[in-house]
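The values are calculated or read from the model by the stated rules, or taken from the named source; none is laboratory data. Please read all numbers here as calculations on a predicted model, not as lab measurements. All Cβ positions, glycine included, derive from the backbone under ideal geometry; neighbour counts span all protein chains shown. SASA here: full protein model, heavy atoms, side chains in, ligands and nucleic acids out. Shrake-Rupley method; radii C 1.70, N 1.55, O 1.52, S 1.80 Å.
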Amino acid sequence: MSGRLLIGTRKGTFIAQQGASGWQLWLAGHAGTSVNFVAADPESGALWAALGFGHWGAKLSRSTDGGQSWADASQIKYPAGARYLAPPDPTEEDDGGEPTRFTLRPATLLKLWVLAFGPGGRVYVGTIPGGLFVSEDGGQSFELNRPLWNHESRGGDLFAGEGTGKTHWFGTPASEGEFAAGIHSIEVDPRDPNRILVAISTAGVLETTDGGKSWRGRNKGMTNDYLPDPNAEWGHDAHAIQLCPANPEHVWQQNHVGVFYSSDGAATWKKVSRPEQGAHFGFPVAVDDKDGRTAWLVPAVSDQQRMAIGGGLFVARTTNGGESWQQLRSGLPQENAYDVVYRHALSASGGHVAFGSTTGNLYVSADRGDSWQTLATNLPPIYSVRFG
Amino acid sequence: MAVVEWTSHLKTHFPMLGSGPLSLPGSTVAEVLADLERQAPGIEFYICDELGRLRKHVNIFVDGEMIMDRRRLSDRVSEGTRVLIMQALSGG
């Protein structure tokens with residue numbers, strides 16, 4: 001559905017609905033609360049919101065009446081015995097004691113970061129620290145996916161023992177006070193829901209083709225410029241990934257070090273950054289729902305600044321698998337605009353494209369990004385924008 | 001029975017508790033919270049994490065004193081003890 005936008009912000013959930021007289025926007029719930037992600041389950045129609053209370057922790061909220069009322073859903077809890085190897089916190093002062101590379105910590109929920117849906121009432125939730133929680137019953141109950149939690153890339157089975165003592169999953173500053181890895185992208189193949197891609201900050205991409213029983217790394221062709229080995233298998237700072245629903249072998253990744261594209265189901269990646277055309281650094285990526293070679297970005301100045309390039313906001317679009325990028329500026333502010341758009345705050349559906357910035361600006365295009373309409377300029381910082 | 005009160009923040013999320021206070025049985029703060037959970041399912045996970053530890057930005061006062069054991073909530077309560085559940089002041 002292109003006519004409704006679900007918007008998660010620093011201060012609540014907003015909904016924008018397209019009607020005969022244009023777009024209507026309203027605060028639909030969770031006033032005053034951080035809303036990391038809001039999405040609609042296409043099967044049940046239920047709306048789901050991932051909340052982060054400053055005092056009371058992360059909570060799942062659900063609406064079954066289109067956002068008129070919300071109630072706590074079944075809550076995500078790490079099972080007893082779930083532990084993870086945490087990297088050293090880069091913000092902590094060195095106390096001069098013994099160096100510790102990793103710390104074994106019991107897992108408690110720091111953040112609900114992303115939601116996804118599959119057929120038959122499946123609901124997926126990506127969390128920090130690095131958990132994939134799965135419901136098979138429409139969200140009545142959730143279970144941690146243990147094969148991914150126990151993956152060799154993060155030190156093996158820490159339920160059963162001490163594992164290898166070494167993890168390739170590093171942390172993200174998005175982790176609400178602690179430094180831990182997080183799952184921010186969950187892409188379910190609509191042709192074969194047993195195939196799921198997840199992306200982790202900071203580790204890379206993993207894939208299951210057996211419904212989550214086993215996982216393998218999908219980072220071939222990825223490069224980086226912040227590790228000793230620029231072709232390392234792990235340690236990739238994926239900011240967001242998205243696959244094309246009609247051509248699920250086409251997968252896009254906005255990464256810390258550039259834009260990557262795969263036309264073989266993430267088996268291999270190709271860097272398609274074109275810095276001279278503005279497509280390089282950023283957080284979100286959206287893929288056309290029919291044409292896997294068409295994608296949109298909202299580029300930003302490199303990691304040192306993280307704001308719109310040159311004070312003018314634009315969306316970059318490719319229609320040829322990243323061979324070239326077009327800067328779409330019509331209707332977007334071109335002076336003194338320094339917006340940055342977070343990883344979940346760009347969405348495309350049926351030729352409509354929408355995005356929201358941490359400056360509280362919300363834009364929508366009905367013509368694949370050629371021209372833009374401003375829906376709001378005074379919203380709280382926007383964390384997620386999804387059609388649905 | 002301890003006399004239990006809670007911040008208005010929690011009243012918003014758990015209106016079934018009314019405005020309080022409630023008299024609840026239990027000889028430790030943990031036992032009092034377990035009974036509160038029976039009255040308002042889900043409230044314990046607002047106050048504590050999966051490991052049963054008091055959340056970082058939540059405080060519990062027993063007769064005006066902040067509890068000592070944030071990990072197991074073993075602080076003792078007795079007849080008429082006033083237990084107050086508050087969000088921690090973390091700066092303005």
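Structure summary
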quantity	calculated
Solvent-accessible area of A:Met307 with every protein chain in place, 1.4 Å probe, in Å² to the nearest 10	60 Å²
Whole-percent carbon and sulfur share, accessible surface of chain B, 1.4 Å	53 percent
Chain B - share of DSSP beta bridges that are antiparallel (%, nearest 5)	75 percent
Within the accessible area of the stretch A:1-91 (1.4 Å probe), percent carbon and sulfur	50 percent
Amide H partners (placed H, <5 Å) of A:Arg122, local residues excluded	A:Gly138
Size of charge dipole - the protein assembly as shown - debye, nearest 20, with Cβ of Lys, Arg +1 and Asp, Glu -1, no other charges	580 debye
Separation in nanometres of the label points that stand 7 Å from Cα toward Cβ, at B:Ser19 and B:Asp63	2.8 nm
Under Karplus coefficients 6.51, -1.76 and 1.60, residue-wise ³J(HN,Hα) of the stretch A:64-69 in Hz, glycine/proline x	10, 10, x, x, 6, 9
Kirkwood Rh (inverse of mean 1/r, distinct Cα pairs), the stretch A:248-331, angstrom	12.7 Å
Long-range amide H partners of A:Ser185 with built H, under 5 Å	A:Ala199
Within 10 Å of each Cβ in B:2-15, the average number of Cβ atoms from other chains	1
Förster-model FRET efficiency, 22 Å R0, A:Thr164 and A:Asp89, C-beta, rounded to 0.05	0.55
Electrostatic dipole magnitude of the stretch A:232-284 [Cβ: Lys, Arg +1; Asp, Glu -1; Cα centre; debye, to 20]	140 debye
Calculated diffusion of the protein assembly as shown, Stokes-Einstein form, Kirkwood radius summed over Cα pairs, 37 °C and 0.692 mPa s, µm²/s	140 µm²/s
Residue-averaged beta-carbon neighbours from other chains (10 angstrom radius) around A:116-122	0
Area of A:Glu187 that stays accessible when all protein chains are in place (1.4 Å probe, Å², to 10)	30 Å²
Gaussian network model of chain A, springs between alpha carbon atoms under 10 Å - residue of A:Ala345, A:Ala295, A:Ala46 with greatest fluctuation	A:Ala46
With every protein chain in place, the stretch A:216-307: carbon and sulfur % of accessible area (1.4 Å)	48 percent
Residue among A:Ala160, A:Ala107, A:Ala39 with the largest mean-square fluctuation in a Gaussian network model of chain A, springs linking Cα atoms under 10 Å	A:Ala160
Inter-chain shielding of A:54-61 (mean C-beta neighbours from other protein chains, 10 Å cut-off)	6
Where B meets A: accessible area buried, both sides, 1.4 Å probe, Å²	1400 Å²
Rough spin-label spacing in nm, given labels placed 7 Å along Cα→Cβ, for A:Ala80 and A:Ser21	5.8 nm
Accessible-area ranking of A:Phe355, A:Phe14, largest first, probe 1.4 Å	A:Phe14, A:Phe355
Largest-first principal axis extents, alpha carbons of the stretch A:325-368, Å	30, 22, 18
For B:Arg55, distant residues with modelled amide H under 5 Å away	B:Cys48, B:Asp49
Listed residues B:Leu22, A:Leu85 arranged by accessible area, highest first, probe 1.4 Å	B:Leu22, A:Leu85
Table column - 3J(HN,Hα) (Hz), the stretch A:265-281, Karplus curve with 6.51, -1.76, 1.60, x for Gly and Pro	x, 6, 4, 9, 10, 10, 6, 10, 4, 9, x, 5, 9, x, 9, 7, 8
Phi to ³J(HN,Hα) by Karplus 6.51 cos²θ - 1.76 cosθ + 1.60 over the stretch A:103-116, Hz, x for Gly, Pro	10, 7, 10, x, 7, 10, 5, 9, 7, 9, 10, 8, 10, 8
Sum of -39500 (n - 2.57) over DSSP H runs of 4+, divided by residues of chain A (222 nm, nearest 500)	0 deg cm²/dmol
Inter-site label distance for A:Asp370 and A:Glu136 at 7 Å from Cα along Cβ, in nm	4.8 nm
With DNA, RNA and ligands ignored, accessible area of B:Ile47 (1.4 Å probe; Å², nearest 10)	0 Å²
Per DSSP, loop GluC sites (Glu not before Pro) in the stretch A:120-186 with at most 16 further Cβ within 10 Å	A:Glu136, A:Glu162, A:Glu178
Antiparallel DSSP beta bridges within the protein assembly as shown, as percent of all bridges there, nearest 5	95 percent
Listed residues B:Leu84, A:Leu375 arranged by accessible area, highest first, probe 1.4 Å	B:Leu84, A:Leu375
Debye, to nearest 20: dipole size of the stretch A:142-192, +1 on Lys, Arg Cβ, -1 on Asp, Glu Cβ	120 debye
Accessible area (Å², per residue) of chain B, counting only protein heavy atoms and a probe of 1.4 Å	53 Å²
